[in-house]
Structure formats: C-alpha cells, structure tokens
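Enquirer: Here it is, the structure in full.
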Amino acid sequence: MSLYPAARFITSAARAAQFVPDQGREVAFAGRSNAGKSSAINAILNRRDFARTSKTPGRTQLINFFALDDSRRLIDLPGYGYARVSKEMRDHWRQLLDDYFHARDSLAGLILVVDSRRGLGDIDWQMLEWAHSLDGPIHVLLTKADKLSRKEATEALARGREELGPGVTVQLFSATRKLGLDEARQHLDAMLEARPPS
C-alpha cells in the first residue's frame, strides 16, 4: 500500500512562470542522470511507476510537480550531467534549476540522489550549493548500494559523511533491495512536517 495514497501528478515546468503556486511545503529530489532518482522516489512512496524510470539517462528534462496531499508536494528535478543532450539544453537545465532554488519559499528540503559507486561530482556540489542557500535540511541517498560489497559500502558511506560534513545527512540506499527505505522515509516526512527525523 502506498504511504501517500492521494499522491498525484500536477504539472511539468520548463520555465519559472509554469511553477505551481508557492504555498505549503515541498521536498525536491535531485541527482545525476542514471543515479536512480526515479526508482528511489517510487520505492520511498511505494508507488510503482509514480516517477517515470527509463533505460535512457536524462529522461526527466522538466521540473515535475507532484501533490502528496492538499498542502505538501514532491518535486522531481531534471536529471543532469550524463544525458546526451546539447549544450543549449544543459544550460537551460542549469538556469531552470537556479530559478527554482531561488524562487521557492515552500521548499522545505532537498534529497540528493548519488550513485554510491561514483560518489559526488561537480554538478552535485553545485546542487548542494544551491540548496545550502535556502538553509533547509539536505539528505543524501547513496543509491545502488546493493552493487557494492559490505566493505565498499561502509567506505562509501564514511567518505560521503566526511566530504559533506555535519550539515548534511547521508545514508546507503537500494531501491531494488529495499535497503534504507525506512530511513529515507523518515527524512522525507521530517522535511514535510518541519521536525527532526526520528
């Protein structure tokens, strides 16, 4: 059963003028193309195919707004850094993301999806810089952790925590093995409810 049975798609935005009204609370999911962002959203909400997944990286090219209930939203930001698109499109995505982060008073937190095998890249740090300007909580999912050995997973988690410092929470996650689901849900709920995660 879905944890958010009323969740529904609202709209996609290619520019700031198309954003939904800046009311209530929303949590944004971001990550490099092919990091497993859509799979993570689907697993956390327990909604199959809620966020579109694809074998072609970079399919999320717009900002997608989803209502979780009457006052809370989940935002699926464009995948970045891998998709085979033109420089003009990449520049458009950067501007769109910049507009989003500087326009949303309702943005209550960011969940950044990072492939645990690759670690943080330059564009991930740019995303974190945008998010830090909002002074909201940031939680990092180190996805595809099932593809690492136990030693590799421990090292990836320790490296992530060291790189990100005390202001960002980090966890291992696997959508296919359901690893870290409860922890991820606690952080999402805490952001939506403006309370510390349990």
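Enquirer: Answer yes or no as to whether Arg185 is surrounded by fewer than 18 Cβ atoms within 10 Å (Cβ to Cβ), under 14 Å from the mean Cα position of the chain (by Cα) and not in a loop (DSSP other than H, G, I, E, B).
Expert: Values: surrounded by fewer than 18 Cβ atoms within 10 Å (Cβ to Cβ): yes; under 14 Å from the mean Cα position of the chain (by Cα): yes; not in a loop (DSSP other than H, G, I, E, B): yes.
Yes; evaluated as a whole, the condition is true for this residue.
Enquirer: Is it true that Leu112 is modelled with pLDDT of 95 or more and over 17 Å from the mean Cα position of the chain (by Cα)?
Expert: no
Enquirer: Here's a follow-up. Anything in the stretch 13-35 that is within 24 Å of Met89 (Cα to Cα) and over 16 Å from the mean Cα position of the chain (by Cα)? List them, or say none. Explain how you work it out, then say what you get.
Expert: So in the stretch 13-35, the residues within 24 Å of Met89 (Cα to Cα) come out as 13-20, 28-35.
Ala13, Ala14, Arg15, Ala16, Ala17, Gln18, Phe19, Val20 - these are the residues of the stretch 13-35 that are within 24 Å of Met89 (Cα to Cα) and over 16 Å from the mean Cα position of the chain (by Cα).
Enquirer: Filter the stretch 142-173 down to the residues that are in a loop (DSSP other than H, G, I, E, B) and free of Cβ contacts under 8 Å to residues at least 12 places away in the same chain, then identify the one that is farthest from Ala30 (Cα to Cα). Spell out the reasoning first.
Expert: Applying the first criterion (in a loop (DSSP other than H, G, I, E, B)) to the stretch 142-173 yields 144, 148-149, 165-168, 173.
Subset that is free of Cβ contacts under 8 Å to residues at least 12 places away in the same chain: 149, 165-166.
Numbers: Ser149: 25, Gly165: 19, Pro166: 20 Å.
Among those that are in a loop (DSSP other than H, G, I, E, B) and free of Cβ contacts under 8 Å to residues at least 12 places away in the same chain, it is Ser149.
Enquirer: Scan the stretch 111-151 residue by residue and report those that are out of contact with any helix residue (DSSP H, G or I) (no Cβ under 6 Å at 6 or more places or on another chain) and of a type in the set (Phe, Trp, Tyr).
Expert: Trp125
Enquirer: Just one of Arg185, Arg150 is under 27 Å from Tyr4 (Cα atoms) and modelled with pLDDT of 95 or more; which is it?
Expert: Working: Arg150 fails: under 27 Å from Tyr4 (Cα atoms).
None of the others qualify; the one that does is Arg185.
The values are calculated or read from the model by the stated rules, or taken from the named source; none is laboratory data. None of these values were measured; they are calculated from a predicted model. Cβ atoms come from the backbone with ideal geometry, glycine included; neighbour counts cover every protein chain shown.
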